[in-house]
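The values are calculated or read from the model by the stated rules, or taken from the named source; none is laboratory data. Given the structure is predicted, the values throughout are model-derived calculations rather than measurements. All Cβ positions, glycine included, derive from the backbone under ideal geometry; neighbour counts span all protein chains shown.
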Amino acid sequence: MKSLPIVALIGQTNAGKSSLLNRFAHKNIAIVAREEGTTRDNVVANIDNQFLMIDTAGLKNPEDDFEASIQDQINDAIDSADLILLTVDSTKYFNHYDRNIARLALRSKKPVFLILNKSDRGEALDINEFRALGVPEEKIFRTSATTGQGIEDLKKTIIKDLNCNHKNTETAEDTLKIALIGRPNVGKSSLFNTLSKKQQAIVSSRQGTTRDINRVKIKFKGKNLELLDTAGLRKPGKREVGIEKFSAIRTLSAIEEADICCLLVDSTEPHSKLDQSLAGQIVKAGKGIVVVVTKSDLLDNATPTNYFGEQNIKNRTAADFLLDSLEKDLDFLPYAPVLFTSSETGKNATKIFELALEIDEARHHEIKTQDLNKILRSAMSEHLPAGLKNTHPKPKYIVQTDITPPWFVIHGHDLGLLHWSYKRFLERKIREFYPFVGTPIFFSFRSDNHKETSKNS
């Protein structure tokens with residue numbers, strides 16, 4: 001199945017791009033604040049299974065390396081997008097920064113729509129004030145992320161322009177999608193070839209060989225699977241210009257497209273903050289996750305000192321030390337299975353498929369409300385939540401409202417006072433009843449006024 005087209009939101013800070021993304025996606029995905037420059041990374045959302053929308057950080061002067069990397073992300077999005085939404089604040093006259101962004105977008109030869117956001121405000125300027133940006137009148141849209149003005153018309157136009165008005169029924173319900181995610185040269189393409197039994201991906205010792213998403217369909221135990229091999233991600237400052245920029249966006253889109261992500265970790269290299277970051281992105285996207293240790297055949301004759309700088313301890317292997325290190329660095333993933341694999345020997349390769357089926361079942365599992373409330377009562381009898389001097393949060397009942405990923409809503413009094421540690425405590429109690437192997441679970445906490453006070457995963 002062909003991957004979904006990509007629509008990129010670009011523009012200056014505080015033009016309302018994050019709010020637009022949230023309005024399109026019908027949920028709060030991007031962080032929204034009044035301060036300029038809130039969004040620092042690309043955020044990807046699947047919009048009605050028709051296209052992927054990318055919210056980029058706003059363009060600012062490259063006063064430091066951090067801001068320069070934000071401009072790189074905008075260039076990434078323009079390079080990889082199938083359609084570009086140039087977003088401006090309609091209450092302000094455009095300046096030379098807007099003009100430069102427009103010139104960059106139009107030069108790409110991609111379809112460009114000009115979005116006059118915040119058009120619900122009385123101070124919104126006339127459309128003629130923005131014609132000099134060079135976007136034809138028929139491709140200029142007035143929107144309001146606050147009221148929803150113009151959003152549905154814009155969405156319909158995007159779908160029509162990209163010719164993506166379909167249901168994706170071919171694989172949406174029947175096929176389980178598994179993405180291989182990780183740093184460059186970690187062994188994704190080799191594992192992909194081993195799993196697919198075909199040399200579809202180019203295997204090379206040179207970093208960054210895979211530039212787009214390779215995919216192959218597999219039948220396993222009567223289930224249709226689709227395996228996605230992505231390009232490796234490096235830190236933004238270490239990415240090369242040109243084609244590797246394109247692959248970074250496609251990797252993020254693969255996480256969004258997949259049901260289950262295999263986070264590949266090289267057994268011969270210390271894992272890094274980038275591994276943690278990738279794991280965090282997978283969890284935030286609500287995807288199933290397996291930590292796959294590659295090249296494990298190289299550990300067989302190794303001592304812990306060779307790889308981790310530790311002194312060899314009797315009855316302790318290099319694999320033992322690696323597991324300890326993973327447990328420490330990925331402490332927010334206690335539910336994720338760890339699998340040692342080798343593309344050279346084929347060790348545990350098909351175990352990935354078995355784990356994927358197990359995780360998929362967990363992602364679809366629903367706990368009965370009566371069982372959930374037994375868990376809640378048991379948790380509170382064991383440990384009451386702390387609060388302020390005269391006010392304490394009082395959870396009353398819990399229900400499961402969604403699957404893939406599982407989502408739970410807790411109702412009660414003053415739940416905004418619940419400490420994060422108590423939320424983790426409740427998660428542990430639920431996982432004791434049903435482990436939800438390899439899948440994050442999400443919570444919402446609603447006080448008696450029915451206002452959602454907080455969320456966590």
message: Condition (residue is modelled with pLDDT under 90 and among the polar types (S, T, N, Q)) applied to region 81-92: is it met by at least one residue?
response: no
Extreme residue, surrounded by the most Cβ atoms within 10 Å (Cβ to Cβ), among residues of region 263-275 that are more than 18 Å from Thr317 (Cβ to Cβ) and in contact with a helix residue (DSSP H, G or I) (Cβ under 6 Å, 6 or more places away or on another chain): Leu263
- request: Provide a single number: the residues in region 81-129 that are of a type in the set (Val, Ile, Thr), over 14 Å from Ala8 (Cβ atoms) and not in a helix (DSSP H, G or I).
  value: 2
task: Could you list, in sequence order, all residues of region 329-363 that are of a type in the set (Phe, Trp, Tyr) and over 16 Å from Phe220 (Cβ atoms)?
output: Phe332, Tyr335, Phe340
message: Out of Thr341, Thr369, Thr345, Thr404, I need the residue that is modelled with pLDDT under 95, of a type in the set (Val, Ile, Thr) and either touching a Leu at 6+ places or on another chain (Cβ under 8 Å) or over 24 Å from Val292 (Cα atoms) (or both). Which one?
response: Thr341
- prompt: Restricting region 312-338 to residues that are in a loop (DSSP other than H, G, I, E, B) and of a type in the set (D, E, K, R), which is modelled with the highest pLDDT?
  reply: Asp331
- prompt: So is Ile78 β-branched (Val, Ile, Thr), surrounded by 15 or more Cβ atoms within 10 Å (Cβ to Cβ), modelled with pLDDT of 75 or more and not in a strand (DSSP E or B) or not?
  reply: yes
message: Just checking, does region 401-408 include any residue being over 16 Å from Ile441 (Cβ atoms), surrounded by 13 or more Cβ atoms within 10 Å (Cβ to Cβ) and in contact (Cβ under 8 Å) with a residue 60 or more places away in the chain?
response: no
- line: Matching residues in region 413-431 (free of Cβ contacts under 8 Å to residues at least 24 places away in the same chain and either acidic (Asp, Glu) or farther than 18 Å from Pro385 by Cβ (or both)) number 1
- prompt: Within region 284-311, restricting attention to residues that are part of a loop (DSSP other than H, G, I, E, B) and within 22 Å of the chain's Cα centre (by Cα), which residue is modelled with the highest pLDDT?
  reply: Lys287
statement: Among Arg121, Arg107, Arg131, Arg99, the single one that is out of contact with any strand residue (DSSP E or B) (no Cβ under 6 Å at 6 or more places or on another chain), without any contact (Cβ under 8 Å) to a residue 40 or more places away in the chain and within 21 Å of Ile151 (Cβ to Cβ) is Arg121
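Quick grid of which residues meet (1) over 19 Å from the mean Cα position of the chain (by Cα); (2) modelled with pLDDT of 70 or more; (3) within 14 Å of Ile115 (Cβ to Cβ); (4) of a type outside the set (Val, Ile, Thr):
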position	(1), (2), (3), (4)
Thr13	yes, yes, no, no
Ala25	no, yes, no, yes
Ala30	no, no, no, yes
Asp41	no, no, no, yes
Thr56	no, yes, yes, no
Gln73	no, no, no, yes
- prompt: Among the residues of region 251-262 satisfying the criterion of being among the aliphatic types (A, V, I, L, M) and not in a strand (DSSP E or B), which is surrounded by the fewest Cβ atoms within 10 Å (Cβ to Cβ)?
  reply: Ile255
Among the residues listed as Ala349, Ala379, the single one being surrounded by fewer than 18 Cβ atoms within 10 Å (Cβ to Cβ), on the phi < 0 side of the Ramachandran plot and under 32 Å from the mean Cα position of the chain (by Cα): Ala349
query: Would you pick out the residues in region 135-156 that are touching a residue at least 40 places away in the same chain (Cβ under 8 Å) and buried (at least 16 other Cβ atoms within 10 Å of the Cβ)?
result: Val135, Arg142, Thr143, Ala145, Ile151, Leu154, Lys155
